[in-house]
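What follows is one structure encoded as structure tokens, with my remarks underneath.
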Amino acid sequence: MISSEDLRFFNVLSRSASLAEAARKLDVTPPAVTQRLRALEARLGIRLIDRSSRKMTLTDEGALVASHGAIVADAMEALTEALCDRKNAVGGHLRVAAPHGFGRLHVAPVLDAFAQAHPRVTVALDLSDHPGTRLVESNDVVIHIGPQGPLGQIVTTLAPNRRMLCASPAYLAKAPAIRSPEDLASHRCLVVRENDEDVTLWRFTHTSREPATVRIHPTLCSNDGAVVREWALAGQGVAIRSEWHVAADLAAGHLKRVLPAWEVPPADVVALLGTRFGRSARTTAFLAMLRQSLAPPPWRRRQARCQ
């Protein structure tokens, strides 16, 4: 026999890349997950997960159990939501994914306030290097900075966010002058590598000139935006960074805008919503609180105070 608790457990396990990730989600130790999985397999008399390789793979029987587990999880969540609606209460489990830096600074405090305002809600925040559409179906809300994803995706804009070309005063003092985007081809450039995007092709627009596209040759690159910001502050070169990330550095003079008359494509802060969760009361309430905290954007409030 298999219980609803077994199905909930295996539902989490099947949506995890490893036993260690499942243990973090379940707030238990990896050995505890392994022990429970073995006990479930022994009780059913079948192998649910192939652990012969580095990657955890569901067997055919495991995929069958996972599909039923997803149905049970959805049904229990729908029931919880319906009961909360009848009582005009916000309840259930809120799952949010967000980028590491932005999530720590701007999303986590709102989730703290949200949990205090709605004690019937439990919250899980998953911080990821590059959260995007791949996380939408396993989360209520995915906070994303940049392009809004494929057509048909449910998207709501939370705050405007420009991207800026910037460098430290120390670098600009010793480097050749940058008078046009074309000059960047001979400069030290710092880039953030994200997904499969061509991050070495920098695009610029100007109010009175033709758009410009420059192929730069990165001196330093990383998949972590915070690392690239630190390199820029250390005088390593020129970088394109989000307004939210460097507004304080610009206001304090630790970084300076380069080619301020030229704009690079913006990367607004948006929320991607899964089709199953887009209309839930908890999602609506959380987005309202998050949007309020970002209006006006905190990074622009800081700039205004320094002017």
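The values are calculated or read from the model by the stated rules, or taken from the named source; none is laboratory data. Quick caveat, the model's predicted, so the values are computed rather than measured. Virtual Cβ from ideal backbone geometry, glycine too; neighbours counted across all protein chains shown.
Note on the range 176-198: residues that are surrounded by fewer than 13 Cβ atoms within 10 Å (Cβ to Cβ), among the hydrophobic types (A, V, I, L, M, F, W, C) and part of a loop (DSSP other than H, G, I, E, B) total 1. Does Leu259 count as farther than 30 Å from Ser128 by Cβ, outside the structural domain of Gly101 (by TED's automatic domain parsing), surrounded by 15 or more Cβ atoms within 10 Å (Cβ to Cβ) and touching a residue at least 40 places away in the same chain (Cβ under 8 Å)? So Leu259 passes the test. Here Ala248, Ala239, Ala285 are screened, and the one residue that is assigned to a helix (DSSP H, G or I), surrounded by 14 or more Cβ atoms within 10 Å (Cβ to Cβ) and not assigned by TED's automatic domain parsing to the domain that holds Ala113 is Ala248.
If I filter the range 1-59 down to residues being of a type in the set (Lys, Arg) and more than 24 Å from Arg95 (Cβ to Cβ), which single residue comes out as nearest to the chain's Cα centre (by Cα)?
Selected residue: Arg54.
Selection of the range 88-111 for residues being surrounded by 20 or more Cβ atoms within 10 Å (Cβ to Cβ), more than 13 Å from Asp129 (Cβ to Cβ) and touching a helix residue (DSSP H, G or I) at 6+ places or on another chain (Cβ under 6 Å) yields Val90, Gly92, Leu94.
Taking the conditions exactly as written (more than 30 Å from the chain's Cα centre (by Cα) and at pLDDT 95 or above), does Leu165 satisfy them or not?
For Leu165, the condition - more than 30 Å from the chain's Cα centre (by Cα) and at pLDDT 95 or above - is not met.
Residues of the range 1-48 that are outside any helix (DSSP H, G or I), in contact (Cβ under 8 Å) with a residue 12 or more places away in the chain and farther than 22 Å from Val123 by Cβ: Met1, Ile2, Ser18, Ile46, Arg47, Leu48. On the given criteria, is Asp268 out of contact with any helix residue (DSSP H, G or I) (no Cβ under 8 Å at 6 or more places or on another chain), among the charged types (D, E, K, R) and either surrounded by fewer than 21 Cβ atoms within 10 Å (Cβ to Cβ) or within 27 Å of Ala212 (Cβ to Cβ) (or both)? Criteria met by Asp268. The number of residues in the range 225-237 being at pLDDT 95 or above and under 13 Å from Arg163 (Cα atoms) comes to 1.
Being under 30 Å from Ala70 (Cα atoms) and either surrounded by fewer than 21 Cβ atoms within 10 Å (Cβ to Cβ) or modelled with pLDDT of 90 or more (or both) is true of Leu290.
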